[in-house]
Amino acid sequence: MQTTAKPVTYGASDRPPRGDYSRAREDYTCDQGWDAYTADEHGRYARLVARQLKHVEGRACDEFIAALSHLGDAQGIPRFENINQLLKPATGWEIVAVPGLIPEREFFTLLANRRFPVTYWLRTEAEFDYIVEPDLFHDLFGHVPLLFDPVFADYIQAFGAGGLKAEGLHALEYLSRIYWYTVEFGIMQTPKGLRAYGAGILSSVGELEHCLTSPQPNRVAFDALRLMRTRYKIDTYQETYFVIESFDELFDATAPDFAPLYQALRDLPELPANAVEPGERTYAPNPLAQPA
Ligand code: HBI
Ligand code: FE
């Protein structure tokens, strides 16, 4: 099947695309190809999940922990249609396979229609600890559990719909920052301390501890305008984490039309990833877990 789906990679990276974009349909979705996974890949996925499950307790938000059981027994790579049988009735979402990163317009269109893109290929053994591009483990383990949370599920759909309304390239850059600093690297203040909810953190071993307890990064109260001014880096730990107090706060802050914010942003200079603005609310790191 010939298609116009063209490979997409992060930024100007000259890294060759990892997925087979020739198998993608016009909307960039493709079949998961579950039968093609090897025993090695099933085993590697199971080891990635087993390791991460040891780290998320006490570090991931309760909503994530509560939803983990929906990913199945994690003895191997699940069939997306099996997850959809649970996910669709829960929040109306379904996951669809994609060959990797897809263009913004197709990405926002999928989210606006409650279809979450999940990369079908899994990282190699050499990338067990770290991979730049989002792979199957990042998307499935990092993103999918929170799609079972009704408020977060509505937020992602609103974000997708907002993205389709974004006019001009700058708006897409601002929206990418919102996505990056919430869905990928967001943390939450809870009565039990700071907890992670961003998929980029939840699918990483090192950053899960770093984002909550390291004295290095700034932890700044979530503010959509401040956030959209702030640049981010894709291949290091974040230098700033934006802190919400609930998913309701996230939904309320980003559901309305962003046009007034884009207008205000035109007159405000961008901020580096490690900026701290005078007078803004910041959060102290969690105390280091006492050795058992
Ligand atoms: N494509 N498959 C996939 N996954 C993403 O997370 C993704 C994407 N395309 C664009 C994108 N993210 C970001 O630019 C969002 O901020 C829009
Ligand atoms: Fe992601």
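Structure above, values below:
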item	result
Residue-wise HN-Hα coupling along the range 243-256, computed from phi with Karplus coefficients 6.51, -1.76, 1.60 (Hz; x: Gly, Pro)	10, 9, 9, 6, 6, 4, 4, 5, 5, 4, 6, 10, 6, x
Extension gain, residue 62 back to residue 288 (0.36 nm per residue minus Cα-Cα distance, nm)	79.4 nm
Neighbour-count ranking [beta-carbon atoms within 10 angstrom, fewest first] of 40, 149	40, 149
Per-bin percent of Cα-Cα distances, the range 203-243 [10 Å]	27, 56, 17, 0
Student exercise, the chain dipole from Lys, Arg, Asp, Glu Cβ charges, in Debye to nearest 20	160
Among the listed pairs 6/54; 88/233; 54/233; 6/233; 54/165, those beyond 29 Å (Cα-Cα)	6/54; 88/233; 54/165
Share, in percent, of DSSP beta bridges within the range 21-265 that are antiparallel, nearest 5	30
Contact order relative to length of the chain, as percent, for alpha carbon pairs under 8 angstrom and 6 or more apart	17
Simple spin-label estimate for residue 105 and residue 205 in nanometres, 7 Å along Cα-Cβ	4.2
Taking only Cα atoms of the range 148-276, radius of gyration then Dmax in Å	14.1, 41
Two-decimal ratio, the range 21-265, of alpha-carbon radius of gyration to 2.2 N^0.38 Å	0.96
Whole-Hz ³J(HN,Hα) from phi, Karplus 6.51 cos²θ - 1.76 cosθ + 1.60, for the range 184-196, glycine and proline x	8, 9, x, 10, 10, 7, 10, x, 9, x, 6, 9, 8
Cβ crowding within 10 Å averaged over residues, with 119-128, 236-245 ranked highest first	236-245, 119-128
For the range 109-170, convex hull volume per residue from C-alpha positions, Å³	107
Ranked 185, 159, criterion: other C-beta atoms within 10 Å, fewest first	159, 185
Computed over the range 19-111, Kirkwood Rh from alpha-carbon pairs, angstrom	15.1
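Bear in mind that the values in this text are calculations on the coordinates, not laboratory data. Because the structure is a prediction, the values reported are computed rather than measured. Neighbour counts run over all protein chains shown; Cβ positions are idealised from the backbone, glycine included.
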